[in-house]
Amino acid sequence: MTELLQQVFAQIVQLSPEQQDAIAASLLVELQDRQKWEQKASTVQQEIFSEGSVGAALQELQKLCKEENYTLMVPPRQDRSNDSIETNALSI
């Protein structure tokens, strides 16, 4: 157990049983939500590699994000340089 977590528990044990239960319930919900999100993200990742359809996987990820009230930040598309392609046009 980390030192910080030990400090938290030291403070929690000083609270009333009702307050301790409220904190414990809140922590359990947080942990379960995190585990649920990690499972769903893993499922989407498996679909990307198994089905080969990135578009379908993105749609599924967007659906899951909406269900979980999670915002998926997608950066704007930008053209990138490709050093392996000669950029000088040939004159005819």
Legend entry - Residues satisfying the stated conditions in the range 53-92, i.e. modelled with pLDDT of 75 or more and among the hydroxyl-bearing types (Ser, Thr, Tyr): TYR70, THR71, SER81
Inset, instruction - Within the range 72-80, identify whether any single residue is more than 30 Å from ILE12 (Cβ to Cβ) and either part of a helix (DSSP H, G or I) or in contact with a strand residue (DSSP E or B) (Cβ under 7 Å, 6 or more places away or on another chain) (or both), and answer yes or no. - result: no
Legend entry - All positions within the range 1-45 that are of a type in the set (Val, Ile, Thr), touching a helix residue (DSSP H, G or I) at 6+ places or on another chain (Cβ under 7 Å) and modelled with pLDDT of 85 or more: ILE12, ILE23
Inset, instruction - Any residue in the range 36-47 that's of a type outside the set (Lys, Arg): show its pairings with residues that are not in a helix (DSSP H, G or I) at Cβ separation under 7 Å, as long as the two are six or more apart or on different chains. - result: TRP37/GLU68
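The values are calculated or read from the model by the stated rules, or taken from the named source; none is laboratory data. If you're wondering where the values come from, they're calculated on a predicted model, not measured in any experiment. Because the Cβ atoms are built from the backbone with ideal geometry, glycine has one as well, and the counts that use them run over all protein chains shown.
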